[in-house]
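Just so it is clear, none of the values below were taken in a lab; they were calculated from the coordinates. If you're wondering where the values come from, they're calculated on a predicted model, not measured in any experiment. Quick reminder, even Gly has a Cβ in these numbers, built from the backbone with ideal geometry, and neighbours come from all protein chains shown.
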């Protein structure tokens, strides 16, 4: 099983979040045991900002077994189309294109997405399997 991991899950563990930290850690363990944890370039960049250096970030990500994979062309196009539809339907800018990129990446290049933001992703990406902690 290839599970894409959303930024919120990683920050729950890295920061750690007093409400969601333990649940997110357990969910990561379950998904790691079931297969491979994949981190796309958007999530890589968003989590990097919380480390003192790229080297430290890379060491932590590698030690925890995350596999980096860039977003492919089909997923990027899908994200752009979904974001365009969202904005045309009156969607507010609080949803950035990064959210759409992560979801499209998970839809096209993985088997599921581990996230705490189930509602948004399921509404916009019907084929996406969402796993919540």
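At a 10 Å Cβ-Cβ cut-off, how would you order 20, 51, fewest neighbours first?
51, 20
Take 24, 8 and order them by how many other Cβ atoms sit within 10 Å, fewest up front.
8, 24
Which FRET efficiency value, to the nearest 0.05, is calculated for residue 98 and residue 64 with the Förster distance at 30 angstrom and r the Cβ-Cβ distance?
Working: r = 21 Å, r/R0 = 0.72.
It comes out at approximately 0.90.
Once the Cβ-Cβ distance between residue 1 and residue 122 is put in as r, and R0 is 22 Å, what FRET efficiency do you end up with, to the nearest 0.05? Present the calculation step by step, with values, prior to reporting the outcome.
Numbers: r = 19 Å, r/R0 = 0.85.
Using R0 = 22 Å, I get an efficiency of 0.75.
Can you sort 73, 81, 46 so the residue with the fewest Cβ neighbours within 10 Å comes first?
Starting with the residue having the fewest Cβ neighbours, the order is 73, 81, 46.
How much length, in nm to one decimal, is gained on full extension between residue 25 and residue 41, taken as 0.36 nm per residue of separation minus their Cα-Cα distance?
So the extension gain works out to 3.7 nm.
Residues in region 55-78 near a label at residue 32, defined as backbone nitrogen under 12 Å from the 7 Å Cα→Cβ point?
Inside the label zone: 60-67.
With volume of the Cα convex hull per residue in Å³ in mind, check [x] 101; [y] 192; [z] 141 and report the label derived from this structure.
[x]
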